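One structure is given below, encoded as structure tokens.
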Amino acid sequence: MKAVRIHEDGGPEVLRYENVPDPVPADGEVLVELRAASLNHLDVWIRKGLPSVPKPRILGADGAGVIAGTDERVVINPGILRNGRMSIVGETMDGTHAELIAVPSDYVHPIPDGLSFEEAAAFPLVFETAYRMLVTRAQVQPGEWVLVWGIGGGVATASLAIARALGAHVMVTSSSDEKLARAQELGADATVNHATGDVVAAVKEATGGGAHVIVDDVGEATWKRTLDAARPEGRIVVCGATTGPNPPAALHRVWWKQLSILGSTMGLPDDFKGAYDLIAAGKARPVVDRSYPLAEARAAHERLEAGEQLGKVVLTIPA
């Protein structure tokens with residue numbers, strides 16, 4: 001089969017579109033003929049160098065296709081729980097940027113009606129992550145205000161979709177007015193340009209005193225404003241720190257406002273099911289930014305790494 005693999009760490013130039021052996025399903029696994037796979041920042045981090053990931057490695061956590069030899073359309077849950085430990089497709093095993101993949105049969109699900117292969121491949125990892133943040137951890141309620149930093153990325157757009165599906169109001173930020181306009185089309189109730197505007201003042205004005213829940217995966221560059229933008233007894237949920245993990249703690253803000261700081265990582269099968277059910281019911285929908293043929297994975301990586309996308313960058317895989 002054809003696949004995109006890395007043999008060493010580096011930039012997009014280390015991606016190789018090459019022939020690799022077909023996977024052989026083990027007991028309890030099924031073989032999926034992939035038709036689409038999406039990119040995540042996880043793929044960029046692995047490509048740049050994660051010592052825990054052996055090489056060569058086929059990247060890609062998210063994928064959709066058909067059960068080999070059938071017309072059954074399926075999407076893969078990339079968070080595989082084995083013996084109480086989480087494995088992620090594309091990190092702890094070869095991934096979806098290939099024509100074929102073997103995965104446990106319990107982790108393939110019918111593609112919800114109305115979704116293309118590209119849309120199906122765009123939701124699993126980021127929607128599962130966002131669902132765990134907003135529902136399992138922050139327990140967002142209808143009518144509450146949710147602030148999402150950096151609309152454009154997959155987790156941010158998934159957070160917007162899920163929060164809206166749950167009846168919450170959503171305010172998003174970006175340094176791009178074009179992305180903010182697109183976010184309003186997707187249902188954002190309020191927006192602010194975090195490069196040119198006063199985020200804290202804008203949040204307090206729009207929400208009537210501050211956000212109930214804040215999704216922050218940025219870290220050092222946003223942390224002070226996150227603490228200031230939260231209303232008293234607000235919940236801040238953190239799933240990453242792209243600009244650095246060690247901002248000044250400002251603990252006086254935490255205790256004085258009685259804030260809850262909640263960590264969240266990936267998701268368990270119940271989180272995937274919760275996100276899946278929202279999509280299957282038509283209450284939330286993944287956003288595809290741009291599609292590239294599998295052979296053009298380098299260009300897809302370049303777009304993702306440059307932060308040009310709004311939604312998911314997807315690879316299409318021919319039958």
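Go through (1) more than 30 Å from ASN83 (Cβ to Cβ); (2) among the charged types (D, E, K, R); (3) surrounded by fewer than 21 Cβ atoms within 10 Å (Cβ to Cβ) and name the single condition LYS312 misses.
All conditions are met except number (3).
Can you tell me which of LEU34, LEU42, LEU81 is touching a residue at least 12 places away in the same chain (Cβ under 8 Å), in contact with a strand residue (DSSP E or B) (Cβ under 6 Å, 6 or more places away or on another chain) and not polar (S, T, N, Q)?
LEU34
For the range 283-309, name all the residues that are open to solvent by less than 40 Å² (accessible area, probe 1.4 Å) and either in a helix (DSSP H, G or I) or among the β-branched types (Val, Ile, Thr) (or both).
VAL287, LEU294, ALA297, ALA299, ALA300, HIS301, ARG303, LEU304
Please enumerate the residues belonging to the range 202-224 that are within 23 Å of the chain's Cα centre (by Cα) and either of a type in the set (S, T, N, Q) or within 19 Å of HIS169 (Cα to Cα) (or both).
The first filter runs over the range 202-224 and keeps only residues within 23 Å of the chain's Cα centre (by Cα), leaving 211-223.
Scanning the range 202-224 gives ALA211, HIS212, VAL213, ILE214, VAL215, ASP216, THR222.
Select, from GLU128, GLU185, the only residue that is of a type in the set (D, E, K, R) and crowded, with 24+ Cβ neighbours inside 10 Å.
GLU128
Need the failing condition index for GLY209 against (1) touching a strand residue (DSSP E or B) at 6+ places or on another chain (Cβ under 7 Å); (2) surrounded by fewer than 20 Cβ atoms within 10 Å (Cβ to Cβ); (3) on the phi < 0 side of the Ramachandran plot, just the number.
Every condition holds for GLY209 apart from (3).
Quickly run through the range 226-239 and pick out the residues that are under 20 Å from the mean Cα position of the chain (by Cα), open to solvent by less than 30 Å² (accessible area, probe 1.4 Å) and in contact (Cβ under 8 Å) with a residue 40 or more places away in the chain.
VAL237
Within the range 43-59, identify whether any single residue is more than 25 Å from ALA306 (Cβ to Cβ) and of a type in the set (Ser, Thr, Tyr), and answer yes or no. So that I can check it myself, show each step before the final result.
Residues of the range 43-59 more than 25 Å from ALA306 (Cβ to Cβ): 51-52, 54, 56.
If we keep only those that are of a type in the set (Ser, Thr, Tyr) as well, we get 52.
Looking through the range 43-59, at least one residue is more than 25 Å from ALA306 (Cβ to Cβ) and of a type in the set (Ser, Thr, Tyr).
Is it fair to say ALA158 is touching a residue at least 40 places away in the same chain (Cβ under 8 Å) and surrounded by 22 or more Cβ atoms within 10 Å (Cβ to Cβ)?
Answer is yes for this residue.
Which of the residues spanning the range 268-306 are at positive phi and touching a strand residue (DSSP E or B) at 6+ places or on another chain (Cβ under 7 Å)?
none
Filter the range 74-118 down to the residues that are charged (D, E, K, R) and surrounded by fewer than 18 Cβ atoms within 10 Å (Cβ to Cβ), then identify the one that is farthest from VAL44 (Cα to Cα).
Filtering first and then ranking leaves ASP113.
Name the pairs whose Cβ atoms lie under 9 Å apart, with the first residue in the range 254-274 and closer than 30 Å to PHE123 by Cβ and open to solvent by 50 Å² or more (accessible area, probe 1.4 Å), the second assigned to a loop (DSSP other than H, G, I, E, B) and modelled with pLDDT under 95, and 6 or more positions between them or separate chains?
THR265/CYS239; THR265/GLY240
Kindly provide the set of residues from the range 212-225 that are open to solvent by less than 40 Å² (accessible area, probe 1.4 Å) and closer than 19 Å to PRO248 by Cβ, ordered by number.
Matches in the range 212-225: ILE214, ASP216, VAL218, GLY219, THR222, TRP223.
The values are calculated or read from the model by the stated rules, or taken from the named source; none is laboratory data. Small disclaimer: the values here were computed from a predicted structure and weren't measured. Positions of Cβ are backbone-derived with ideal geometry, glycine not excepted, and every protein chain shown enters the neighbour counts. Accessible surface areas use protein heavy atoms only, side chains included; no ligands, DNA or RNA. Shrake-Rupley method; radii C 1.70, N 1.55, O 1.52, S 1.80 Å.
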